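Shown next, in structure tokens, is the structure this report addresses.
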Amino acid sequence: MVEYASITAALAILASSLSGVVGSVGALPSNDLRATALISAAARSHQVSGSEARTAYARAPYRKPVLRYLYAVAWVGAASDRAACTTALLLGPEPREAATQALRHSPKLLARLRAARLTVSQAATAIGRGTTDGCA
């Protein structure tokens, strides 16, 4: 029973993080200015400090703005409910694996990844790392 709840919590956090990507964004941002604007909006909608979200974007361990954006979106989703995130990390699936599964089941996201010239593996790695760092 606890395992089911933790998996559900992990997937809820991931869905929350990815909703910013799928929701109002027509295409994944390819420049820093657009990405930081979208991250600030996502932070406001998740009741997370915009300056902390922009700092997470700036410190993302990636060079491409689109990977930094995915990292920061996951960070915002994780930071919005750290207790649930920590529980999900301890009891749920690995964030990278959950992200891979969620991406592969979303035709819209797959199309946007292809348009941004990203693989599912690259995107899932960025999302997984952002989720892990956002829980800290």
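So the values come out like this:
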| item | result |
| --- | --- |
| Stokes-Einstein D for the range 54-136, Kirkwood Rh over Cα pairs, 4 °C, 1.567 mPa s (µm²/s) | 102 µm²/s |
| Residue order, fewest to most surrounding Cβ atoms within 10 angstrom, among R82, R96 | R82, R96 |
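Here, each number is a calculation from the coordinates, and none is a lab measurement. What you are looking at is a predicted structure, and each value in this text was computed from that prediction instead of being measured. Don't worry about glycine lacking a Cβ; one is built from the backbone with ideal geometry, like all the others, and counts go over all protein chains shown.
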